[in-house]
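Structure first, commentary second.
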Amino acid sequence: MSWQINVAVQTPAHSALGDVLSYSSGAPVTPGALVRVPLGRREVLGVAWEVNREDTGPATLELKPIGAVLDALAPLGDAWRDLVAFAARYYQRSLGEIALAALPPQLRDLSAVQLARRLKRKGSGGAPGGVSPSPVTLSAEQTEALSRFEAEAGPFLLFGSTGSGKTEVYLRAVAALLEREPQAQALVMVPEINLTPQLEARFKERFGADSVVSLHSGMTNPQRLASWLAAHSGAARIVLGTRMAVFASMPSLRLIVVDEEHDPSYKQQEGARYSARDLAVWRGRRENAKVILGSATPSLESWHQSRPAAGDDPGGRYVRLSMPLRIGTGALPRVRLVDMNLQPPKTVLSAALLDAIGQRIARGEQSMVFLNRRGYAPVLACADCGWKSECPHCSAYRVFHKIDRTLRCHHCGFTERVPRACPGCGNLDIAPVGRGTERLEEHLGELFAAVRRPDGSAVRIARIDADSTRKQGALESQLAAVHAGEVDVLVGTQMIAKGHDFRRITLVAAINPDGALFSGDFRAPERLFSLLMQSAGRAGRDAAYVSAQGATAEMWIQTHHPQHPLFAALKRHDYPAFAQGELEDRAAAGMPPFAFQALLRADARTQEVAQAFLGAANAAADALPGAEQVTRYPAVPLAIQRVANVERAQMLLESASRAALQRVLAGWQPLLHELRRTPEGKGVIRWLVDVDPHSI
Ligand code: ADP
Ligand code: ZN
Ligand code: ZN
């Protein structure tokens, strides 16, 4: 007697192999069990997906036998497999790709024996410590939010200002759950765990270090395996992680928190392009776990989904919990707009802003200056012949980094020493155009060279961005310096805008946010608004400190468009007004959340080849069921058309019906695989589908 075991394995992307591969086994295997199976010349890790008894059939005779079953480990549960299957279907990827990506990489390398040994060594983990009582008394808003959370099913959108105490609400919700149900587990997701070590510390402090494990890409493989095993066995009551944690195996999952739910980093931008936030909501429903999405500036999708009933509109599926007030007497910072049209030409920092920063330095307070562009200058140019620092491999300029005198392409990584003279005409006078954080840091240093701190010492200016934090531990030590008050003016990219609980910052300035106002990307204003609100949220977080200083927390914005409605809403900290305006525009234009989108992208050596593939794909979709409900737009080059000598093109699909769009995508997938083998598909290097894309 034998069994046919269908196994999800990691197959090469878009290979002709199906979703699962079949193997034979002389003994039954529990679905969800981890197995090792032969694939080509190798033996690989897989997940047993379906198990069929084959009494007769010669079919199984031709199947290769499975290798070992990793039976020291409990099989992955039905709910987990459903989540993986849903994600694969919805995002148009193979089951094996999602399943294997969801497992810790080290599992792939361990034999059954090694794994068993490993699990034994780990022991039972010991009883998790109790919950420490919260040191704070809840505000009225927090109390109200928590009681509705306990009373209703959700999913919930916790709409709370920066500093309104959302994290305390998460902590209490988790605490109540753990106390009520001895086995229950909670999943808490944050956009970038490296930027929020404070959150980890707060959870460990409240629940004990043993109860909390982390899961994110900054961990070593052994650390990730240990965390994953603790979650899978139930020993870890709380899993704190980035988007990948949405796939953590948690047999007793009862609560999912998605903090800063609007953050773009919840959307994976390569490989399987899933939205961890959306999967969290799906997973919560499947597993009967309550879901809280939290933000001061929710995504327009979640905002719309949590609208109250009105007239004929039954309202959205989510329950909206609002916490508009900051904890304590802390007011949100005053927003000041500087009209750059009224400044002398070439002004980088207006006199009024410099004055405001100078006053803060003199009082020993901190300021944060925010510019979303790293490097010294985005372009190096020759005024004589018009040469510019283009990347030879991309349709983009290489950025000038003064610190090591390089020109670096931020798209393909191509790096060269800055030429001594213009490569075009030999002119020795090639000059940086525009500015990035490095140049801003230098500029501020010059401007404040003569200013003294209260103790008479020189001003200290620091910069935090992807360049300054490349070395392991650099970010932590730079943040620590800010917290310790060793920095007077902090310059940085959006890295410093998010989440940090800086206590002594009383001024935040955005130097040049205008680019996003008129971007071709319809989500750009939404992202800008949330980034500016987040940045503003860094100022005046400690009400007691601000009032003791006799200071006012301020957010400065330098703009050429002070009349723009986005800034008007920002001045009033009025996210609802901003959201309403944007949603009206989106509704009128039939864009998300009133429509659903997907992109088909093709990469090739030439734009013609990429577009020809998309054209053929478009034609192939004509006959698909549901096609009449889906608008297909013509192929266009990507905004950055060429990267690393690869030409990129995409076409957009849009529908008012998510189901119709899904139907078309499902029918399209096999046709696309076939197309790849036709003359139109020959020169295509890769193609991919992006469902609910973030930028188009
Ligand atoms: P958010 O996550 O909304 O930005 P936090 O939860 O980080 O806000 O709260 C901001 C600050 O206020 C933190 O230092 C936190 O410890 C404190 N805090 C939160 N809730 C309370 C409360 N009820 N009483 C006193 N302090 C609180
Ligand atoms: Zn020149
Ligand atoms: Zn390049």
Worksheet item: Counting each DSSP H run of 4 or more residues in the chain as -39500 (n - 2.57), what helix-only mean residue ellipticity at 222 nm follows after dividing by all residues, to the nearest 500 deg cm²/dmol?
Response: -9500 deg cm²/dmol
Item to complete: From largest accessible area down, sort 518, 86; use a 1.4 Å probe on the protein chains.
Response: 518, 86
Worksheet item: Between residue 682 and residue 179, what FRET efficiency follows from the Cβ-Cβ distance if R0 is 56 Å, with the result rounded to 0.05?
Response: 0.35
Item to complete: Could you pull out every residue, at least 5 positions away or on a different chain, whose amide H is within less than 5 Å of the one on residue 397? Hs are placed 1.01 Å off N in the peptide plane, and Pro or chain starts have none.
Response: 391
Discussion item. Let's test the formula: R0 of 45 Å, r as the Cβ-Cβ distance of residue 450 and residue 521. What FRET efficiency results, to the nearest 0.05?
Written reply: 0.60
Worksheet entry | Solvent-accessible surface (1.4 angstrom probe) belonging to residue 49, in square angstrom, nearest 10 | 30 Å²
Discussion item. Over the chain, what is the relative contact order in percent, taking alpha-carbon pairs closer than 8 angstrom and at least six residues apart?
Written reply: 11 percent
Worksheet item: Hey, any idea what % of the chain's accessible area is carbon plus sulfur with a 1.4 Å probe?
Response: 53 percent
Item to complete: Give me the net charge of residue 391's neighbourhood, meaning all other residues with Cβ under 11 Å from the Cβ of residue 391; Lys, Arg count +1, Asp, Glu -1.
Response: +2
Worksheet entry | Qualifying lysines (Cα of each under 30 Å from Cα of residue 120; at least 8 residues distant if same chain) | 204
Response to the item:
Taking a straight Cα-to-Cα line shorter than 21 Å from residue 402, and setting aside same-chain lysines fewer than 8 residues away, one finds 346, 388, 471
Worksheet item: So what is the diffusion coefficient of segment 3-122 in µm² per second by Stokes-Einstein at 37 °C and 0.692 mPa s, using a Kirkwood Rh over Cα pairs?
Response: 224 µm²/s
Worksheet, complete the sentence: Residue-normalised value, i.e. accessible area per residue, for segment 213-281 at 1.4 Å probe, in Å², stands at 26 Å²
Item to complete: Measure nothing but the geometry: give the 0 to 90° angle between the long axis through the Cα atoms of 658-675 and the longest principal axis through the Cα atoms of the chain, rounded to 10°.
Response: 70 degrees
Discussion item. Between 0 and 90 degrees, rounded to the nearest ten: what's the tilt of helix 575-589 against the longest Cα principal axis of the chain?
Written reply: 60 degrees
Worksheet entry | Interchain or long-range residues, amide H under 5 Å from residue 138's placed H | none
Item to complete: Output ³J(HN,Hα) for segment 634-644: one whole-Hz value per residue in order, computed from phi by the Karplus curve 6.51 cos²θ - 1.76 cosθ + 1.60 with θ = phi - 60°, and x for Gly and Pro.
Response: x, 5, 9, x, 5, 4, 9, 5, 10, 10, 6
Fill in: Relative compactness, the chain, computed as alpha-carbon Rg over 2.2 N^0.38 Å
1.03
Response to the item:
Plugging the Cβ-Cβ distance of residue 658 and residue 310 into 1/(1 + (r/R0)^6) at R0 = 30 Å yields, to the nearest 0.05, a FRET efficiency of 0.85
Worksheet entry | Among beta bridges that DSSP assigns inside the chain, antiparallel share in %, nearest 5 | 55 percent
Worksheet, complete the sentence: Measuring from the longest principal axis of the C-alpha atoms of the chain, the long axis of helix 437-447 (C-alpha) lies at a number of degrees, nearest 10, equal to 20 degrees
Worksheet, complete the sentence: Dividing the mean separation of Cα pairs under 8 Å (6+ apart) by the residue count of segment 379-433 yields a relative contact order in percent of 36 percent
Worksheet, complete the sentence: Per residue, accessible area of segment 435-587 with a 1.4 Å probe, heavy atoms of protein chains only, in Å², comes to 40 Å²
Discussion item. As a test of understanding, state the convex hull volume per residue of segment 596-691 from its alpha carbons, in Å³.
Written reply: 79 Å³
Discussion item. Multiplying the sequence separation of residue 403 and residue 574 by 0.36 nm and subtracting their Cα-Cα distance, what value in nm do you get?
Written reply: 57.5 nm
Worksheet entry | Per residue, in Å², the accessible surface of segment 3-122 once ligands and nucleic acids are set aside, probe 1.4 Å | 48 Å²
Item to complete: Any chance you could run the full-extension gain for residue 641 through residue 111? It's 0.36 nm times the residue separation minus the Cα-Cα distance, nm to one decimal.
Response: 186.3 nm
Response to the item:
Other residues with Cβ under 9 Å from the Cβ of residue 307 give, with Lys and Arg +1 and Asp and Glu -1, a net charge of 0
Item to complete: For segment 426-435, just list the computed ³J(HN,Hα) in residue order, Karplus coefficients 6.51, -1.76 and 1.60, θ = phi - 60°, integers in Hz, with x standing in for Gly and Pro.
Response: x, 3, 7, 9, 8, 10, x, 10, x, 8
Discussion item. List the residues, sorted by chain then number, that are 5 or more residues from residue 509 or on another chain and whose placed amide H is less than 5 Å from its amide H.
Written reply: 368, 369, 370, 556
Discussion item. To check you understand DSSP bridge types, tell me what percent of the beta bridges within segment 140-323 (both residues inside) are antiparallel, rounded to 5.
Written reply: 5 percent
Worksheet item: In what sequence, largest accessible area first, do 244, 555 appear using a 1.4 Å probe?
Response: 244, 555
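The values are calculated or read from the model by the stated rules, or taken from the named source; none is laboratory data. Because the structure is predicted, anything quoted here is derived from the model rather than measured. So basically every Cβ, Gly included, is an ideal-geometry build from the backbone, and we count neighbours across all protein chains shown. The accessibility values were calculated without ligands, DNA or RNA, using every heavy atom of the protein model including side chains. Shrake-Rupley method; radii C 1.70, N 1.55, O 1.52, S 1.80 Å.
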